[in-house]
1. Could you figure out which of (1) at pLDDT 95 or above; (2) farther than 25 Å from Pro235 by Cα isn't true of Val11?
2. Which one of these is at positive phi and not aromatic (Phe, Trp, Tyr): Gly74, Gly54, Gly20, Gly62?
3. Filter segment 226-256 for residues that are farther than 19 Å from Asp200 by Cβ and of a type in the set (Gly, Ala, Ser); which is surrounded by the most Cβ atoms within 10 Å (Cβ to Cβ)?
4. Pull out all pairs, ordered by first then second residue, where Cβ-Cβ is under 8 Å, the residues are six or more apart or on different chains, the first lies in segment 234-256 and is touching a residue at least 12 places away in the same chain (Cβ under 8 Å) and more than 15 Å from Ser176 (Cα to Cα), and the second is charged (D, E, K, R) and part of a loop (DSSP other than H, G, I, E, B).
5. For Ala135, indicate whether it is surrounded by fewer than 17 Cβ atoms within 10 Å (Cβ to Cβ), touching a residue at least 40 places away in the same chain (Cβ under 8 Å) and hydrophobic (A, V, I, L, M, F, W, C).
6. Looking only at segment 192-218, count every residue that is within 21 Å of Ala30 (Cα to Cα) and touching a strand residue (DSSP E or B) at 6+ places or on another chain (Cβ under 6 Å) and tell me the total.
7. Conditions first: (1) farther than 26 Å from Gly116 by Cβ; (2) acidic (Asp, Glu); (3) buried (at least 17 other Cβ atoms within 10 Å of the Cβ). Asp190 passes all but one, so which condition is the exception?
8. Checking the condition closer than 10 Å to Val37 by Cβ, polar (S, T, N, Q) and buried (at least 16 other Cβ atoms within 10 Å of the Cβ), which residue from Thr81, Thr61 passes?
Amino acid sequence: MVSHARTKPPVALVTGGGTGVGLAISTALATAGWQVVITGRRIEVLQTAAAQLGDDDLAVTGIAADLSDPQAVGRLFEEITAQHGKLDLLVNNAGVNAPPVPLEDVDFADWNAVLGSNLTSAFLCTQHAVRLFKAQSPKGGRIINNGSVSATTPRPNSAPYAATKHAITGLTKATSLEGRAHNIACGQIDIGNAASDMTDTISKGVLQADGTVKAEATIDPRDVAEAVVYMAGLPLGTNVLNITVMANAMPFVGRG
């Protein structure tokens, strides 16, 4: 059993934590006093982000991993345990999108890439986090999944992304249910139009359900990060199962 004291600084793992929304989340958690491990495929991106945050005296380290590979995820968690001796929070944020094409034209390689990055990575990291949470003393921890508003309402020509994000909701609920007896809380943040490289085209014009192309409002990813810090700071007896943080003017509520 891994033993640690809750008085030590809490440790968070943020997947996809080197860029975009993930970097904003990592920065906010580190600013709030967390020791943050960021992970993703590209070590140079992680090193750059960790160095920049380190210049601000924030405790952030980067560990590269292919999160769709079970062995790589196992090594990631072994390294976290070796470095920190515990984990208090997992933020499953990593994700990619596929080219916006009709469902029947989706390339199978693109389907698999989105599935691996958005869903398989979250499942594998959740597995290892739950095992570690159960082995810790005191046991327990929290998982926050990035669901996206696409977890409930898809955009046109987004079948792979929408399918994986809908599945994240099922993973969130299953983890929350199974975690109850072990002091493990799991919740989901559904994000709408946080400004990042992935959403760069949204502010310029994106296909709507009625076939028109319109620019949409976006929000600062730091607003999302503040919500994650709030969720992460709750006692483990309290859970935010689902929260939506979105651009107020985006065409999501109602009929667009």
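1. If we test Val11 against (1) at pLDDT 95 or above; (2) farther than 25 Å from Pro235 by Cα, just (2) comes out false.
2. Details: Gly74 fails: at positive phi; Gly54 fails: at positive phi; Gly62 fails: at positive phi.
Every option except Gly20 fails the conditions.
3. So the residue we want is Ala232.
4. Ala247/Glu216; Ala249/Glu216; Met250/Glu216; Pro251/Glu216; Gly256/Asp210
5. Working: surrounded by fewer than 17 Cβ atoms within 10 Å (Cβ to Cβ): yes; touching a residue at least 40 places away in the same chain (Cβ under 8 Å): yes; hydrophobic (A, V, I, L, M, F, W, C): yes.
Yes, satisfied.
6. Filtering segment 192-218 down to residues within 21 Å of Ala30 (Cα to Cα) leaves 194-196.
Next cut, touching a strand residue (DSSP E or B) at 6+ places or on another chain (Cβ under 6 Å) only: 194.
Looking only at that region, the number is 1.
7. (1) is the only condition that Asp190 fails.
8. Working: Thr81 fails: closer than 10 Å to Val37 by Cβ.
It is Thr61.
The values are calculated or read from the model by the stated rules, or taken from the named source; none is laboratory data. Keep in mind that this is a model prediction, so the values were computed, not measured. Cβ: placed from backbone, ideal geometry, glycine included. Neighbour counts: every protein chain shown.
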